[in-house]
Each structure stands twice: as structure tokens, then as C-alpha cells.
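Worksheet: the structure to be examined is printed underneath.
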Amino acid sequence: MSMSSSRRAAVFAAPAAFFALLAQSAAPKLLFTYLPLPFTLDSDESAARHVPETMAGGVAVFDYDRDGDLDIFFTNGANLKTLRKEGGRHSNRLFANDGKAGFTDVTAKAGLEGVGFDNAAAAADYDNDGYTDLFAGGIHRNTLYRNNGDGTFTDVTARAGLANSVKGQGPLWSVGGVWFDADNDGRLDLFIVNYLAWDAATETPCEYRGIREYCHPKFYRPSPNQLFLNNGDGTFRDFSAESGIAAHLGKGMGAAVADFDLDGRLDIFVANDAMSNFLFRNLGGGKFKEVALNSGVSLKESGEAISGMGVDFRDIDNDGFPDIAVVALDQETFPLFRNTGKDEFTDLTLRSRLGPLSRSMAGYSPTVFDFDNDGWKDIFVSRGHVQPLKAARPIQAEQHNTVFRALGGLRFEALTAEAGFTGQPPRRHRGSAVGDLNGDGRLDVVVSSISGPGGVWLNSTPGANHWLELRLEGTSSNRDGIGARVKLATRAGVQHNHATHSTGYASSSAGPVHFGLGGETKAASIEIYWPSGRVQTLRDVAADQVLNVREPAN
């Protein structure tokens with residue numbers, strides 16, 4: 001791509017304008033191709049309409065065997081009366097990747113079939129041994145699987161001390177897990193997102209026009225979220241009360257972390273279902289303060305609470321400050337909160353066009369990634385309603401997925417049929433996770449669906465846009481480098497991203513930090529701000545590679 005000297009000067013002066021021009025004129029439209037996997041999500045759906053039936057479906061993308069290829073894990077349901085899995089029908093599933101998006105079921109060998117009704121999947125190396133471990137959160141049960149490094153996992157939940165109950169609250173229902181270093185001690189801690197208080201034996205039946213329906217969240221008590229600090233010896237201590245987090249009862253459906261105020265500490269956003277959201281500001285030492293109302297992310301701009309589902313917390317407009325994308329049900333729209341850099345957010349749902357574009361949609365799992373490698377992050381949303389197929393209300397329960405393609409300037413277009421998603425039947429999609437599954441530099445998406453197949457949407461977007469991925473390895477920081485902020489500069493402008501695995505609903509995307517470079521063939525500079533406080537600078541890095549970056553010793 002050639003450019004006159006005057007235009008090149010304009011690019012340096014206004015990189016956002018250049019990226020907008022690039023996105024609208026040079027970048028190809030997004031296109032995905034479906035690859036089915038031999039897995040069906042069985043949530044024990046029945047005419048009784050127990051609310052967990054519609055909330056299953058976590059997905060994790062991570063490299064479990066350290067061969068450089070991203071593998072896939074699906075959580076699965078159980079018998080809702082016993083909360084026990086019934087053989088292969090409800091087994092969780094792990095699929096090993098051959099590097100070309102060819103997958104083999106290795107669940108039994110790995111020991112990840114599971115026991116109870118599992119919702120959440122969260123992958124990270126909590127013990128800093130170089131192998132990615134796995135948390136599975138579910139109804140009245142949490143499970144921590146330690147990766148043994150030989151293709152197998154061991155259930156270490158009891159020894160680790162990850163209790164699934166809080167005094168005075170009874171057993172909890174976990175729908176999300178977030179691995180991050182809450183106190184910057186170099187060890188990953190675990191934040192657990194808990195949904196509402198539920199018990200099959202005491203659940204009140206709800207009907208509409210004589211037909212049994214899932215009850216509205218208002219009929220259930222809220223629950224506290226939990227924070228477990230890593231002791232460094234394979235055990236955790238429950239720091240929920242001391243941290244200030246347990247004092248805020250909610251109905252969490254999704255959580256994500258980012259350093260929204262750039263003070264070097266990761267903060268937590270929680271999307272709540274039919275009540276105000278939470279933004280826990282990290283005060284240091286494992287202590288947090290809830291600041292959602294003052295920061296402008298408690299409610300949508302109209303002052304209404306929405307059916308908050310999944311969330312991603314990532315810099316969308318490349319100004320260096322992480323923004324927040326949330327999804328909800330039809331008529332509620334998908335809110336987009338822009339970080340002003342002044343400890344507050346502005347609701348840009350309407351201005352970005354996400355409001356009118358999403359009004360008829362029901363979303364579950366948003367993931368913010370640059371799918372067309374044009375330098376702007378797009379938003380993929382797995383779609384499907386909470387209601388059953390034969391709902392009394394005229395609701396479109398099964399829906400096609402959608403990707404909101406960034407046009408620059410925080411404006412989007414919605415691509416559904418154009419992106420290839422209508423090539424498969426609509427479904428009640430749930431969890432989603434992202435990663436480059438076939439090594440072609442384009443990010444793919446894995447999605448689950450209630451009573452339907454799990455599948456991979458391989459990114460087959462045409463075009464020659466370049467890309468760069470950073471596989472971080474912390475030394476003083478946690479080994480996964482979670483929380484590291486990355487600033488990448490090319491001749492075209494500057495981009496920002498950070499290392500995190502917590503994206504979407506009940507899911508985990510544990511891959512390298514990804515950047516699309518458009519027509520640029522190298523990064524002039526890359527600055528990495530590690531959680532330890534160290535700053536590392538790389539220069540003249542060639543595009544179209546996965547670069548292994550180790551945190552410097554000093």
C-alpha cells in the first residue's frame with residue numbers, strides 16, 4: 001500500500017481517521033464457515049421449565065497439551081433432580097486440535113467428563129508450571145482441574161479450598177470464572193460469578209396463558225460473587241468478605257477484567273440479570289470498591305436495568321482505555337460503554353448503531369476481537385433467547401449468530417447472512433470462545449447451543465490483511481501474563497489490547513494477544529506493560545507470526 005508524503009503525515013496526525021478509511025474501503029467483509037463437532041449440549045430440558053435448563057453452555061479454547069494448537073472444551077448439564085451427570089449423555093467434552101482444525105475427542109483420557117451440572121469454563125495456569133489448568137463452575141458445585149502435563153487432569157477442588165457456599169446463603173450457582181492477579185503477587189486468583197439462588201425442590205412454577213415458562217429472575221434471591229486468593233501452594237483462601245465483593249449481592253451472568261483506570265491493577269465488571277451491574281475498582285491488596293453507578297455503567301443510558309448476559313472488557317476505539325460491551329435480550333439492545341479515561345464511561349449504544357442494530361436480537365456471549373485484521377476490533381455475539389422453543393409468547397427462541405463489524409469511529413454494521421451464519425439453522429446459542437484454530441492468522445469462534453451441536457465457525461474472510469500475535473510468558477508476573485497491557489504501533493497508527501482469558505458468557509479464550517495490522521507488514525514498536533510494573537519494548541517486529549515474549553528479569 002503506497003501513500004503520498006502529505007497523506008502519510010495526516011495518518012500520523014489522525015490514526016483513527018486512517019483506520020476508519022481502511023476499514024471502510026480496503027478491509028474485506030467478514031465470512032465464516034461452519035465446522036460441526038460431535039457434541040450436543042444436554043441441559044436436561046423438560047416441561048417443568050427449571051431455569052438452569054436455559055443457562056448452560058460454557059466453552060473454553062486453550063492449549064491443554066502445549067503443542068502450540070488451541071484445543072476446545074465444552075461444559076455440559078446433568079440430571080436437574082440429582083445434579084449428577086448420567087453417563088455419556090451429560091459428559092463434558094475435550095477436543096484435541098491437530099493444528100489444522102481437525103479435532104479428536106480426548107475427554108476420557110484427560111479425565112474431564114465431570115460430575116455435576118457444569119456451566120462455566122475458565123482456563124489458566126494458576127500454579128505457574130507452564131500447563132493450563134481448568135475451572136468448571138456449576139450448580140452447587142465448583143471443580144478445579146489441575147493439568148498434570150501428560151494429557152491428563154486431576155480434580156484438586158477439595159485441596160484447593162474452592163468452597164461453593166457462603167455462610168447464610170446456601171449452595172451457590174456459578175456461571176462464570178475469571179482468572180486474574182487481584183493483588184499483583186505473581187499468582188492468579190479466581191473470581192467466581194454466581195447467578196441467582198436456585199433449588200429444584202423449592203422452585204415456584206411460572207405460567208403465561210396456561211403454559212409453563214421459565215420464571216423471571218425477580219422471583220429468585222440474588223447471590224454474592226466470590227474471590228479466592230492464590231496462596232502459591234496449590235490452595236486458595238476465600239477473600240470474598242475482606243475484599244468487599246461479597247457485600248454486593250447480584251445475579252451475575254458475565255464478568256470480565258481490565259485496568260480501566262490504568263493504575264496497574266485489574267478491575268472487574270459484572271453484568272447482572274435484570275438488576276444494576278457492578279464495577280469493582282481494584283484498590284490494591286485484594287480490596288475492591290463497587291463504583292458502577294458513579295462510573296456510568298450501572299444501568300443503560302435510559303436508567304433501566306437490562307437482562308445483562310455476557311460481557312467483554314476491552315479497548316474498542318484504540319485510545320488506550322478499555323471499553324465495555326454487554327449483550328441482553330430483544331428490545332433491550334446491546335449496550336456499549338466507552339471509557340473516557342476520566343474514571344467514567346459514556347453510553348454509546350445509539351451513536352455506535354449497536355442500539356438499533358441489536359434491538360430485535362437476544363444475545364448471550366459477546367467477544368471483542370479483530371476478526372478481519374483491519375486494525376479495529378469487531379464484536380461477535382452468540383444469539384438465542386432464554387425462552388423454550390414452544391414459548392407461550394411469540395418469541396424467536398432460535399436465532400442466527402451475528403458479528404458487528406467495526407467501521408471505525410466506534411460505528412458498526414451487523415453481519416449475519418453476509419458473514420455466512422445463516423448457512424446453518426438458527427439455534428439457542430450460548431457460550432462462545434475465540435482463537436486461531438487452524439494457524440492461518442484469522443480468529444475463529446467456537447459456540448455451544450442448547451439441545452444442539454457445538455460447532456466451530458472457521459474464519460474464511462478473504463483478503464490479505466496482516467496480523468501479529470503475542471504469546472506472553474510472565475516471570476515475576478503470572479506465567480500467562482494476564483493483565484499485561486500491550487501498545488502496538490505501525491506506520492498507520494496505534495492499537496491497544498491486554499492479556500485476558502475471560503470473555504463472553506461462561507467462557508474462556510486462552511490464546512495469544514491478537515492484533516490485526518491491515519496492510520502493514522511489521523510493527524514499528526510494541527510496548528508491554530507487565531503486571532509486575534516492568535515495561536518491555538520490542539521494535540521492528542515482522543507481521544504474520546505468533547511471537548513468544550518472555551518477561552525480562554529486570
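The values are calculated or read from the model by the stated rules, or taken from the named source; none is laboratory data. Note that the coordinates shown come from a computational prediction; the quantities given were computed from them, not determined experimentally. Note: ideal-geometry Cβ built from the backbone for every residue, glycine included; neighbour counts use all protein chains shown. We work out accessible area using only protein heavy atoms, side chains counted, and drop any ligands, DNA or RNA first. Shrake-Rupley method; radii C 1.70, N 1.55, O 1.52, S 1.80 Å.
For first residues located in the stretch 25-41 and at pLDDT 95 or above, partners that are open to solvent by 60 Å² or more (accessible area, probe 1.4 Å) and in a strand (DSSP E or B) and lie 6+ apart or on another chain with Cβ distances below 9 Å form the pairs LEU37/ASP105; PRO38/ASP105; PHE39/ASP105.
Check whether at least one residue in the stretch 416-423 is part of a strand (DSSP E or B), more than 20 Å from the chain's Cα centre (by Cα) and over 30 Å from PHE135 (Cβ atoms), and report yes or no.
Quick first cut of the stretch 416-423, residues part of a strand (DSSP E or B) only: none.
No, there is no match, as no residue in the stretch 416-423 is part of a strand (DSSP E or B), more than 20 Å from the chain's Cα centre (by Cα) and over 30 Å from PHE135 (Cβ atoms).
Screening LEU283 with (1) in a strand (DSSP E or B); (2) more than 24 Å from ASN478 (Cα to Cα); (3) free of Cβ contacts under 8 Å to residues at least 60 places away in the same chain; (4) aliphatic (A, V, I, L, M) gives one miss only, at (2).
Test ARG383 against the stated conditions and say whether it is under 18 Å from the mean Cα position of the chain (by Cα) and open to solvent by 20 Å² or more (accessible area, probe 1.4 Å). Spell out the reasoning first.
Working: under 18 Å from the mean Cα position of the chain (by Cα): yes; open to solvent by 20 Å² or more (accessible area, probe 1.4 Å): yes.
It is true that ARG383 is under 18 Å from the mean Cα position of the chain (by Cα) and open to solvent by 20 Å² or more (accessible area, probe 1.4 Å).
Considered as a group, the residues in the stretch 245-268 that are without any contact (Cβ under 8 Å) to a residue 60 or more places away in the chain and touching a helix residue (DSSP H, G or I) at 6+ places or on another chain (Cβ under 8 Å) include one that is surrounded by the fewest Cβ atoms within 10 Å (Cβ to Cβ), and that residue is ALA247. Before we move on, is VAL61 open to solvent by less than 20 Å² (accessible area, probe 1.4 Å) and among the β-branched types (Val, Ile, Thr)? Yes.
Tallying residues that are closer than 25 Å to GLY170 by Cβ and either assigned to a strand (DSSP E or B) or not basic (Lys, Arg) (or both) within the stretch 214-265 yields 34. The strands (runs of 3 or more DSSP E) found entirely in the stretch 77-125 that carry 1 or more residues being among the aliphatic types (A, V, I, L, M) and open to solvent by less than 10 Å² (accessible area, probe 1.4 Å) are 93-97, 118-124.
Consider ALA524 carefully, then state whether it is over 16 Å from ASP315 (Cβ atoms), open to solvent by 20 Å² or more (accessible area, probe 1.4 Å) and assigned to a strand (DSSP E or B). Give the steps one after another, and end with the answer.
Working: over 16 Å from ASP315 (Cβ atoms): yes; open to solvent by 20 Å² or more (accessible area, probe 1.4 Å): yes; assigned to a strand (DSSP E or B): yes.
Yes.
Got at least one residue in the stretch 471-488 being open to solvent by 30 Å² or more (accessible area, probe 1.4 Å), in contact (Cβ under 8 Å) with a residue 24 or more places away in the chain, outside any strand (DSSP E or B) and among the β-branched types (Val, Ile, Thr)? Among the residues of the stretch 471-488, at least one is open to solvent by 30 Å² or more (accessible area, probe 1.4 Å), in contact (Cβ under 8 Å) with a residue 24 or more places away in the chain, outside any strand (DSSP E or B) and among the β-branched types (Val, Ile, Thr), which makes the answer yes. Out of the residues in the stretch 145-174 that are hydrophobic (A, V, I, L, M, F, W, C) and out of contact with any Asp or Glu (no Cβ under 7 Å at 6 or more places or on another chain), which is most open to solvent (accessible area, probe 1.4 Å)? Among them, the one singled out is ALA158.
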